[in-house]
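The values are calculated or read from the model by the stated rules, or taken from the named source; none is laboratory data. Predicted, not measured: the structure shown is a model, and the values here were computed from it. Glycine also receives a Cβ, built like all others from the backbone with ideal geometry; neighbour counts cover every protein chain displayed. For the accessible areas, the whole protein counts, side chains as well, though only heavy atoms, and no ligand, DNA or RNA atoms are used. Shrake-Rupley method; radii C 1.70, N 1.55, O 1.52, S 1.80 Å.
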Amino acid sequence: LHYTNKLEQVYACETRPWNQGARLTIYECVQEKMPATLICDSAASSLMRSRKVHAVIVGADRICKNGDTANKIGTYNLAVAAKFHGVPFYVAAPSTTLDRKST
């Protein structure tokens with residue numbers, strides 16, 4: 001989206017307790033010159049309600065063969081808020097995250 005000039009703004013959650021959003025996501029956005037704002041985890045649903053968020057993209061620690069995903073605890077709250085506010089929700093992860101043996 002960024003490279004096709006379709007990205008308006010990245011809102012990166014701080015991602016407690018280890019602050020990956022602050023330490024990694026925002027750092028990478030700055031390096032790529034993406035417009036980005038760091039928000040506290042609890043602010044995401046408010047931004048969705050105000051229609052400032054057009055899609056939610058999260059990572060995954062593991063993806064099972066049946067499509068179930070495992071990730072940080074805050075991912076569930078983002079998924080529920082996205083569903084409630086009608087915001088598309090996507091999981092982006094490398095193929096190495098897929099557990100082809102799981103059921």
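Here are the numbers for this structure:
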| quantity | calculated |
| --- | --- |
| Answer label, with log10 I(q)/I(0) by the Debye sum over Cα atoms at q = 0.11 Å⁻¹ calculated from the coordinates and candidates [x] -0.36; [y] -0.30; [z] -0.55 | [x] |
| Stretchable slack from Asp41 to Leu7, in nm (0.36 nm times residue separation minus alpha-carbon distance) | 10.1 nm |
| The stretch 11-103: trypsin sites (Lys or Arg not before Pro) falling in loop per DSSP and having at most 10 other Cβ within 10 Å | Lys33, Arg51, Arg100, Lys101 |
| Inter-probe distance in nm under a simple model that places probes 7 Å from Cα toward Cβ, at Lys33 and Ser95 | 3.2 |
| Protein accessible area in the chain, 1.4 Å probe - carbon and sulfur % | 55 |
| Nonlocal Lys pairs with alpha-carbon distance under 26 Å, the chain (8 or more apart, or different chains) | 10 |
| Net charge dipole size for the chain [Lys, Arg +1 and Asp, Glu -1 on Cβ; Debye, nearest 20] | 200 |
| Distant-in-sequence amide H partners of Ile39 (H built 1.01 Å from N, under 5 Å) | Ala12, Cys13, Glu14 |
| C-alpha long axis of helix 74-85 to longest principal axis of the chain, angle in ° | 70 |
